1. For residue 190, are the conditions met, namely being free of Cβ contacts under 8 Å to residues at least 24 places away in the same chain and more than 30 Å from residue 41 (Cβ to Cβ)?
2. May I ask you to list the residues in the stretch 100-138 that are part of a strand (DSSP E or B), touching a helix residue (DSSP H, G or I) at 6+ places or on another chain (Cβ under 9 Å) and touching a residue at least 60 places away in the same chain (Cβ under 8 Å)?
3. Looking at the stretch 82-95, I want the residues that are within 22 Å of residue 189 (Cα to Cα) and have a partner that is among the aliphatic types (A, V, I, L, M) and surrounded by 13 or more Cβ atoms within 10 Å (Cβ to Cβ) with Cβ atoms under 6 Å, at least 6 apart or on another chain. Which pairs are those?
4. Pick from the stretch 17-43 the residues that are touching a residue at least 24 places away in the same chain (Cβ under 8 Å) and either of a type in the set (A, V, I, L, M) or in contact with a strand residue (DSSP E or B) (Cβ under 9 Å, 6 or more places away or on another chain) (or both): which of them is farthest from residue 131 (Cα to Cα)?
5. Is the stretch 71-90 home to any residue that is surrounded by 15 or more Cβ atoms within 10 Å (Cβ to Cβ), over 18 Å from the mean Cα position of the chain (by Cα) and among the small types (Gly, Ala, Ser)?
6. Looking only at the stretch 37-80, filter to residues that are assigned to a helix (DSSP H, G or I) and acidic (Asp, Glu); which one of those is nearest to residue 93 (Cα to Cα)?
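Just so it is clear, none of the values below were taken in a lab; they were calculated from the coordinates. Not measured: the values here are computed from a predicted model. Because the Cβ atoms are built from the backbone with ideal geometry, glycine has one as well, and the counts that use them run over all protein chains shown.
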Amino acid sequence: MLLSHRRRQRGGPPLSRPRELGIALVEAAFVTPVFFMLVLGVVEIGLAMNDSLGLTHTVRAGTRVASASGNDVYADYGILKAIQRESTAIPRGYIKYIVIYKATSVGAAPDASCMLGNDVSTSTVKCNSYTPLDFNKPKSDFGTCTQAKALDWAYCPSTRRIILTSPGPDYIGVWIKMEHPWVTYMFGNKLTLTDQSVIQLEPREK
């Protein structure tokens, strides 16, 4: 008892230090996993946001080319090339469908059937659906607007309206679906991202 009293007076280590160390280890065991989960969560969300921004820039680039191309027979070929250039930061396997469609107005989404990767040509719905495999297709696979020979047959570029007389030039949209895989699986297997941009074709005739 006398020895213990003297050690406390001289500033020696407290007798409860082993207990305090044990408490600290237990606290670390709880806090460390939570800390790493937060760090990994921030990284995961950052990667997803990066792909989302890349997707947004890509669809905007596609519609800019679409508007400038008007009813050029190789409009879709040029749109796909612009999308290919703009999406270099996105792994090709992430992109599922690229839809070029006739929109009813700014902000209008493509038909549900088009979103499934189908080419649709009806009196009310027109869209051409592509995948990244079509990026490297030759120019000769475009422009003829025949179902058996061309990839762009359903919404034929040469039929797109570019005159100012009522109802005016067509609205054209680019819609892209991609799947971002989660690295740590904290939020599941994958995150599906979609984005679209609609613009009116530049008028070339009155």
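1. On the way: free of Cβ contacts under 8 Å to residues at least 24 places away in the same chain: yes; more than 30 Å from residue 41 (Cβ to Cβ): no.
No.
2. Once the filter is applied, which keeps residues that are part of a strand (DSSP E or B), touching a helix residue (DSSP H, G or I) at 6+ places or on another chain (Cβ under 9 Å) and touching a residue at least 60 places away in the same chain (Cβ under 8 Å), the stretch 100-138 yields 100, 101.
3. Listed pairs, sorted by first residue: 94/178; 95/178.
4. Applying the filter and picking the extreme gives 37.
5. yes
6. Selected residue: 51.
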